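One structure is given below, encoded as structure tokens.
The values are calculated or read from the model by the stated rules, or taken from the named source; none is laboratory data. Fair warning: this is a prediction, and the values are worked out from it, not measured in the lab. Backbone-built Cβ (ideal geometry, glycine too); neighbour counts: all protein chains shown.
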């Protein structure tokens with residue numbers, strides 16, 4: 001692929017509720033991506049209620065962003081990880097349910113959207129991707 | 001294709017530079033995460049002129065190329081902001097958010113940044129670090 005390596009899809013301090021899903025800037029130039037390992041981590045996790053991060057991918061900058069992995073957290077520090085692979089089969093595109101993955105669709109860009117409820121204190125979220 | 005100024009700087013740094021880690025620190029202790037990128041730079045002690053101006057002798061001047069930052073798309077995905085708050089996230093920030101790790105020493109804080117933007121493209125970053 002063009003640009004294998006480790007990327008950060010999101011890193012931020014979490015405080016007030018993110019009521020409107022907040023898209024982070026995309027990681028681009030990932031043509032030929034065959035596999036991505038994702039690690040989402042919520043540090044702290046006190047005071048809030050729920051925190052959700054959805055990783056999306058699309059083909060080219062004009063394509064539609066499709067959900068490929070979803071991580072859900074509550075009120076405790078936690079770490080989740082998954083691997084998404086591209087393969088020669090048809091992926092059924094749909095919004096993901098909690099803590100789920102859509103295999104077989106990897107485009108040329110990755111981004112993530114965040115949403116939360118409740119007000120977290122001293123909480124940090126990071127979502128890393130290792131692309132190959 | 002890289003801007004000629006970047007290509008020239010990369011060539012010079014390949015011969016006369018050294019690697020260091022540029023780090024953005026997100027969050028408050030103990031719930032912090034570090035977003036690191038290894039960059040190539042020329043790192044020098046203060047000049048006599050700098051010292052005469054009152055800059056501590058323990059500070060260091062860094063001349064770095066944006067190439068490694070661009071390749072790593074550092075610091076990664078961020079929440080986009082509307083103008084005039086849509087600052088270029090690639091440019092290191094003074095004031096404690098960004099640090100550098102040089103020659104195995106403890107992190108030093110970025111205290112001054114002078115990015116060079118030519119024709120709308122970030123081609124070089126001069127900065128001073130302290131600590």
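Numbers for the structure displayed
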quantity	calculated
Filter result for residue A:76 (more than 14 Å from chain B (Cβ to nearest Cβ) and assigned to a loop (DSSP other than H, G, I, E, B))	no
Hey, residue B:107 under 21 Å from residue A:29 (Cβ atoms) and either in contact (Cβ under 8 Å) with a residue 40 or more places away in the chain or touching a helix residue (DSSP H, G or I) at 6+ places or on another chain (Cβ under 7 Å) (or both) or not	no
Residue in the range A:61-70 that is within 21 Å of residue A:123 (Cα to Cα) and in a strand (DSSP E or B) present	yes
In the range A:76-85, residue nearest to residue A:119 (Cα to Cα) [restricted to those that are touching a residue at least 40 places away in the same chain (Cβ under 8 Å) and surrounded by fewer than 19 Cβ atoms within 10 Å (Cβ to Cβ)]	A:79
3 or more residues surrounded by fewer than 16 Cβ atoms within 10 Å (Cβ to Cβ) and more than 13 Å from chain A (Cβ to nearest Cβ): qualifying strands (runs of 3 or more DSSP E) within the range B:15-115	B:18-26
Single unsatisfied condition, residue B:122 versus (1) within 23 Å of residue A:29 (Cα to Cα); (2) within 14 Å of another protein chain (Cβ to nearest Cβ); (3) in a strand (DSSP E or B)	(2)
Residue A:131 modelled with pLDDT of 95 or more, more than 21 Å from residue B:26 (Cα to Cα) and under 14 Å from the mean Cα position of the chain (by Cα)	yes
Scope the range A:4-54; condition closer than 17 Å to residue A:67 by Cβ, facing chain B (nearest Cβ under 8 Å) and part of a loop (DSSP other than H, G, I, E, B); matching residues	A:24, A:26
Qualifying positions in the range A:93-128 - within 14 Å of chain B (Cβ to nearest Cβ) and farther than 22 Å from residue A:76 by Cα	A:108, A:109, A:110, A:111
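Quick grid of which residues meet (1) in contact with a helix residue (DSSP H, G or I) (Cβ under 6 Å, 6 or more places away or on another chain); (2) farther than 30 Å from residue A:45 by Cβ:
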position: B:20; (1), (2): no, yes
position: B:32; (1), (2): no, no
position: B:40; (1), (2): yes, yes
position: B:45; (1), (2): no, yes
position: B:48; (1), (2): no, yes
position: B:59; (1), (2): no, yes
position: B:82; (1), (2): no, no
position: B:88; (1), (2): no, yes
